[in-house]
Amino acid sequence: MTDQLTFGSLTIAFDDRVLRPREWTAAQSDWAADLLATAPDGTVLELCAGAGHIGLLAVASSERHLLCVDANPVACDYARANALAAGMADRVEVREGRLQDALEPGELFPVIIADPPWVPREETGRFPEDPLTAIDGGDDGLDVARACLAVVDEHLAPGGSAVLQVGTRAQTDALRGEPCFTEGRLAMVEVRQQVRGVLARIDRA
C-alpha cells in the first residue's frame with residue numbers, strides 16, 4: 001500500500017518495498033542545494049536514489065535537471081511518480097540499473113548525491129522494517145559506498161562536488177584510504193555529523 005510523507009517542501013510517495021525517507025536526510029538535500037549555487041552548469045546526479053526524495057528536494061528551488069539512478073524498479077517508479085507530483089517530470093530522468101552500468105562514458109555532473117546502503121551486514125537485523133537491499137552495505141557497510149565513489153571518480157565534473165551519506169565517522173575515515181583519495185583525484189573536504197548518519201563533501205582535487 002502506498003504511503004506518503006512530507007519531505008521538506010515535497011510530498012513523497014513510497015511503500016514498504018522502498019526505504020522509507022528519513023526526515024534528517026533533508027540535510028543532504030540542503031547541502032547539495034547550497035553547492036549548486038556556485039557549481040558549474042549541468043545536471044545533478046543522484047545515486048541509490050530510492051524514491052528520489054533527496055535529489056528532488058535538492059533541485060526543487062533551482063532550474064537544474066536531475067538524473068536518478070537506482071537498481072530497484074519499484075524505487076524508480078516512485079521516483080518518476082514523485083517527480084511528476086512535484087511538477088518536475090520535465091527535468092527529471094530516472095535510470096534503472098547498477099551504478100557501474102547506468103552511466104555512459106564521458107557523462108559529467110557538477111553535483112552528485114549518493115545515499116548508498118551503509119549498515120554492516122551483521123547489523124541489518126536491527127532494522128526489520130527496512131528492505132534488506134536498501135540497507136545492506138556488506139561486511140563493513142561500505143561496499144556500495146565504494147561503488148558510489150568509483151562513479152564520483154569517473155563522472156564528477158571539474159569544479160564539482162559530491163555529497164555522500166554513510167553511517168559513521170569511522171566509515172568516512174575508512175573511505176579516506178580508497179585510491180581515489182590517496183592518489184589525489186578526489187578530496188574529502190568536510191564531514192558533518194547528522195542525527196543518524198554522516199554526510200561527507202567530496203571535491204574534485
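Of the residues that sit in the stretch 96-123 and are free of Cβ contacts under 8 Å to residues at least 40 places away in the same chain, surrounded by 16 or more Cβ atoms within 10 Å (Cβ to Cβ) and under 16 Å from the mean Cα position of the chain (by Cα), which one is nearest to ILE135 (Cα to Cα)?
Among those that are free of Cβ contacts under 8 Å to residues at least 40 places away in the same chain, surrounded by 16 or more Cβ atoms within 10 Å (Cβ to Cβ) and under 16 Å from the mean Cα position of the chain (by Cα), it is GLU96.
Restricting attention to the stretch 153-180, which residues are within 25 Å of ALA37 (Cα to Cα) and in a helix (DSSP H, G or I)? Please lay out each step first, then the result.
So the first thing to find is which residues in the stretch 153-180 are within 25 Å of ALA37 (Cα to Cα), and the list is 153-166.
Those that are within 25 Å of ALA37 (Cα to Cα) and in a helix (DSSP H, G or I): ASP153, GLU154, HIS155.
Which residues, counting only those in the stretch 142-171, are touching a helix residue (DSSP H, G or I) at 6+ places or on another chain (Cβ under 6 Å) and of a type outside the set (A, V, I, L, M, F, W, C)?
ASP153, SER161, GLN165
Considering only residues of the stretch 24-49 that are within 26 Å of THR133 (Cα to Cα) and touching a Phe, Trp or Tyr at 6+ places or on another chain (Cβ under 7 Å), which is surrounded by the most Cβ atoms within 10 Å (Cβ to Cβ)?
Within the stretch 24-49, the match that is surrounded by the most Cβ atoms within 10 Å (Cβ to Cβ) is LEU45.
Every number in this text was worked out from the coordinates using simple rules, so none of it is lab data. What you see is a predicted model, and the numbers here were worked out from it, not measured in a lab. Don't worry about glycine lacking a Cβ; one is built from the backbone with ideal geometry, like all the others, and counts go over all protein chains shown.
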